[in-house]
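Let me begin by presenting the structure, written as structure tokens, before commenting on it.
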Ligand code: NAD
Ligand code: TYD
């Protein structure tokens, strides 16, 4: 029996990873550790919360003592680390919160693993989930591969790059079994509506302006979140120690084109006239240091571990819209209270 610590499991991607592991591996004990910040929500996991192989613990990863106590209490076989501050715009306002959670929090977990696993490194695994944003920005052409030099620009990507370096350093220095993956932009259900796609869905639904930064020319490479969770499953079980894998869908979209597609889908779903939702598109002041283009080359993952994305973007986006329209209560809960003041501050003077 395997006991696995998954951090950040009540957030967007983490909840999909927890659900997948709890459902697919009944012999594993899954411990979901999360601080439950504004982005963490136990309502994301109501379908698995009573399973015998699942337990939730509310811990802040910046609290080294609490992490050590948990490691002393539970004999973990592996860590899958997703807990992080994840929104670029918030990192521009408050970089320190990103250093604390993404850098110090990751080092706290590495230190606990180092201490409690030191006699048994070969039987244990520390899997760190990271982002393509560590590679910086691309021009019109080219793709990020696993050997692209790190060149982060935002406080968010700088903190993730730093955490990646620490994970690699613990592998190289102490011989810990560490694996890293760097994924492109995810989309799907349970995505907090501060990020582009769920924010736009929520605003279109409520007939509010849809803010597009700059001219909407920036390009992102979108992957369905459940394809990311499946890639994490494959890498966790099959990657050799010390390896890094890029994960992406070969699915690049200019923001403005993506928003037009979303508006079209929403018109259909909401019974609006074709073109009605697109009238909500509003160009606003650009993000500071806005990376022009991300594109992931996931050939290594496809060739070595046989992973390929399962969904076409149009189909996945429609599924995503359906989920948000069917889960109005979830959406209303996460957009009440603090979300309103965040939105005001973030978008008022743009
Ligand atoms: P998210 O913001 O939806 O969830 C993050 C989770 O971490 C939340 O549940 C939050 O409560 C928890 N958390 C934050 N600070 C914590 C702390 N100090 N202690 C314990 N828990 C804490 O993020 P996400 O989009 O699900 O991203 C998950 C991971 O995947 C992150 O490491 C992110 O960098 C990475 N990633 C995200 C994307 C993407 O498109 N969203 C792409 C590639 C990689
Ligand atoms: P986001 O979802 O924040 O992800 P990331 O910055 O990690 O790529 O943003 C995706 C793209 O959409 C990015 O180019 C910024 C842009 N964007 C907008 O145009 N308007 C918005 O309101 C937001 C949140 C993002």
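A few remarks follow.
- Test result for residue 231, on the phi < 0 side of the Ramachandran plot, not in a loop (DSSP other than H, G, I, E, B) and not assigned by TED's automatic domain parsing to the domain that holds residue 211: yes
- Unique match (being in contact (Cβ under 8 Å) with a residue 24 or more places away in the chain, under 28 Å from residue 236 (Cβ atoms) and surrounded by fewer than 17 Cβ atoms within 10 Å (Cβ to Cβ)) among 306, 338: 306
So that you can scan it fast, the table gives a plain yes or no per residue for (1) in contact (Cβ under 8 Å) with a residue 60 or more places away in the chain; (2) under 21 Å from the mean Cα position of the chain (by Cα); (3) in the same structural domain as residue 207 (by TED's automatic domain parsing):
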position	(1), (2), (3)
258	yes, yes, yes
270	yes, no, yes
278	no, no, yes
296	yes, yes, no
300	yes, yes, no
321	yes, yes, yes
327	yes, yes, yes
331	yes, yes, yes
334	yes, yes, yes
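- Qualifying residue in the range 19-33 (condition: over 17 Å from residue 191 (Cα atoms), in contact with a strand residue (DSSP E or B) (Cβ under 9 Å, 6 or more places away or on another chain) and within 8 Å of ligand 1 (Cβ to nearest atom)): yes
- Selection within the range 89-102 - more than 8 Å from ligand 1 (Cβ to nearest atom) and crowded, with 21+ Cβ neighbours inside 10 Å: 91, 98
- Test result for residue 93, under 30 Å from residue 254 (Cβ atoms) and under 15 Å from the mean Cα position of the chain (by Cα): no
- Restricting the range 72-87 to residues that are away from ligand 2 (no atom under 16 Å from the Cβ) and surrounded by fewer than 20 Cβ atoms within 10 Å (Cβ to Cβ), the residue that is nearest to residue 156 (Cα to Cα): 77
- Of the residues making up the range 1-56, those that are part of a strand (DSSP E or B) and out of contact with any helix residue (DSSP H, G or I) (no Cβ under 6 Å at 6 or more places or on another chain) are 3, 4, 5, 7, 29, 31, 33, 34, 55, 56.
- Of the residues contained in the range 10-22, one or more are found to be away from ligand 2 (no atom under 16 Å from the Cβ) and farther than 24 Å from residue 222 by Cβ.
- Selection within the range 243-261: residues that are within 14 Å of ligand 1 (Cβ to nearest atom) and assigned to a loop (DSSP other than H, G, I, E, B). The member of this set that is farthest from residue 233 (Cα to Cα) is 251.
- Listing of helices (runs of 4 or more DSSP H) fully contained in the range 92-210 that carry 1 or more residues being without any contact (Cβ under 8 Å) to a residue 60 or more places away in the chain and touching a helix residue (DSSP H, G or I) at 6+ places or on another chain (Cβ under 6 Å): 106-116, 155-174
- Single unsatisfied condition, residue 253 versus (1) crowded, with 17+ Cβ neighbours inside 10 Å; (2) more than 12 Å from ligand 2 (Cβ to nearest atom): (2)
- Residue within the range 5-17 that is over 20 Å from residue 329 (Cα atoms) and more than 10 Å from ligand 1 (Cβ to nearest atom) present: yes
The values are calculated or read from the model by the stated rules, or taken from the named source; none is laboratory data. Just so it is clear, the model here is predicted, and its values are computed rather than measured. Cβ coordinates were reconstructed from backbone atoms using ideal geometry, including for glycine residues, and neighbour counts include every protein chain displayed.
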